[in-house]
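Below is one structure, written out as structure tokens, with a few remarks after it.
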Amino acid sequence: MTAALPWAGRADHHCFGCSPHNPTGLQLSFADSGDALSAEFCLDKRYESYPGVVHGGILGVICDETMGNLIVMRLGVPALTTSMRMRYVGVVRVGGRYRCVARADFKPELVHATAELLDFAGSVVGTATASYKPQRSEL
Amino acid sequence: MTLAVSTTVTEIVAAELGRAPESLRPDTDLRAVEGADSIKVLRMVAKIEQAYGIELEDDEIFGLTTIDQVVAVVDKAIAREQG
């Protein structure tokens, strides 16, 4: 099921990761499976590092975006990233189809989340762990 | 070194290398196992980190050659995590 974010209809929604109105952004969309939020992506050369290889920093954005939006959708308020760590396992190719799957462990103060980057065959090509501080109200 | 950690690590390593767990000994040189490469090693590390909710330092994992060594690093990281 495609998941709609709280600010999806706002004219000032210009998120680099998920706004459909940001032409330089990733324009990610999400699917909610109940225990996880996922985003499929296929990136072009605008996001390239070495020839044919997606930039690792962009993969960090995708993981952060998926984990962060999972928390937003569960708690109904924004959550700011306090720390994040990537483990890069394999190369992510320009033009390849991949999926990011995020899960979270909700604690009263900090939310600890994990994300996996998977290739089309389901093999892990990267993982992320991060902590988020939920905000008391909408930004 | 805990038996449970050793068993889990062996299962993860075996799955990534496409081997039966019982075919791997604690002192098996993983670099010599057919089909082993750096990506598979990193995938093992990622799965071990997920399984235990730990973060292994790159300085700890590069240079590991046996399951015994991996288990020792995991034990150390679990102890670090538990403070």
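No value in this document is a laboratory result; all are computed from the given coordinates. Owing to the predicted nature of the structure, the values given are computational and were not obtained by experimental measurement. Positions of Cβ are backbone-derived with ideal geometry, glycine not excepted, and every protein chain shown enters the neighbour counts.
Estimated from helical segments only, the mean residue ellipticity of the protein assembly as shown at 222 nm is -10000 deg cm²/dmol, where each DSSP H run of four or more residues counts as -39500 (n - 2.57). Between A:51, A:78, A:108, the residue with the greatest mean-square fluctuation in the GNM of chain A (Cα pairs under 10 Å linked by springs) is A:108. Equivalent-ellipsoid semi-axes for the stretch A:15-134 (Cα gyration tensor, √(5λ), whole Å, largest first): 23, 15, 13. Which is the longest part of chain A that has none of the chymotrypsin sites (Phe, Trp or Tyr not before Pro) sitting in a DSSP loop with at most 14 other Cβ atoms within 10 Å? Of all site-free stretches, the longest is A:17-119. Charges were assigned to the Cβ only: +1 to each Lys and Arg, -1 to each Asp and Glu. The resulting dipole of the protein assembly as shown about its Cα centre is roughly 560 debye.
Among A:67, A:73, B:44, A:86, the ranking by other beta carbons within 10 Å of each residue's beta carbon, starting with the fewest, stands as A:73, A:86, B:44, A:67. Straight-distance candidates among the aspartates and glutamates for linking to residue A:45, with alpha-carbon spacing under 19 Å and chain neighbours fewer than 8 residues away dropped: A:119.
For the protein assembly as shown, the ratio of Cα radius of gyration to the globular rule of thumb 2.2 N^0.38 Å stands at 1.11.
For the stretch A:15-134, with only Lys/Arg (+1) and Asp/Glu (-1) charged at the beta-carbon, what is the dipole magnitude about the Cα centre, in debye rounded to 20?
160 debye
Provide Rg over Rh for the stretch B:3-82; use the alpha carbon set for both Rg and the Kirkwood Rh (inverse mean inverse pair distance). With Rh from the inverse mean 1/r over Cα pairs, Rg/Rh is 0.92.
What are the GluC sites (Glu not before Pro) within chain B that DSSP puts in a loop, where the Cβ has at most 16 other Cβ atoms within 10 Å? List each step's numbers first, then the result.
Working: sites: B:11, B:16, B:22, B:34, B:49, B:55, B:57, B:60, B:81; in loops: B:34, B:55, B:57.
Taking chain B and a limit of 16 other Cβ atoms within 10 Å, the loop GluC sites (Glu not before Pro) found are B:34, B:55, B:57.
Each of A:75, B:64, A:59 has some number of other Cβ atoms within 10 Å of its Cβ, and from fewest to most they run A:75, B:64, A:59. Mean per-residue shielding of peptide B:38-45 is 4, counting Cβ atoms of other chains within 10 Å of each Cβ.
Evaluating 6.51 cos²θ - 1.76 cosθ + 1.60 at θ = phi - 60° for every residue in the stretch A:49-62, the Karplus couplings come out as 10, 5, x, x, 10, 6, 5, x, x, 5, 5, x, 4, 5 Hz, glycine and proline recorded as x. Rounded to the nearest whole Hz, the Karplus-based 3J(HN,Hα) values (6.51 cos²θ - 1.76 cosθ + 1.60, θ = phi - 60°) of the stretch B:78-83 follow the sequence 5, 4, 4, 5, 7, x, with x at glycine and proline. The H on the amide N of residue A:3, modeled in the peptide plane, is under 5 Å from the matching H of A:30, A:31, A:32, each at least 5 residues off or on a different chain. Here the 3J(HN,Hα) profile of the stretch B:36-45, calculated from phi with Karplus coefficients 6.51, -1.76 and 1.60 at θ = phi - 60°, is 6, 8, 5, 5, 5, 5, 5, 5, 4, 4 Hz, Gly and Pro shown as x.
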